[in-house]
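Laboratory data are not the source of any read-out in this text; all were calculated from the coordinates shown. Keep in mind the model is a prediction, meaning the values are calculated, not measured. Every residue, glycine as well, gets a Cβ built from its backbone with ideal geometry; the counts of neighbours run over all protein chains shown.
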Amino acid sequence: MNKREEYLLKRRRKKITHIELAVYMNCSQSLISRFETGNCGMAKEKIQRYREYIDNK
């Protein structure tokens, strides 16, 4: 299991929605969805914010 899959499972366990993350990260929820499915990448800063939010929620 890679980091992306690990954080996807953490997000689901904590019941954090794409909308909630998108608002926090100031991006679209489709970007988060595409990132989680491996269809696109994100800037390092956005990935850091994504992980911080999930870890601290």
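Give the relative contact order (percent, whole number) for the chain; include only Cα pairs under 8 Å separated by 6+ residues.
39
Would you work out the charge dipole size for the chain about its Cα centre, treating the Cβ of every Lys and Arg as +1 and the Cβ of every Asp and Glu as -1, and quote it to the nearest 20 debye?
Taking the Cα centre of the chain as origin, the dipole is about 140 debye.
Given H placed on each backbone N at 1.01 Å, which residues far from M42 in sequence or on other chains put an amide H within less than 5 Å of it?
Excluding prolines and chain starts, which carry no amide H, there are no hits.
As a check on your grasp of the helix formula, calculate [θ] at 222 nm for the chain: sum -39500 (n - 2.57) over DSSP H runs of n ≥ 4, divide by the residue count, round to the nearest 500.
-21500 deg cm²/dmol
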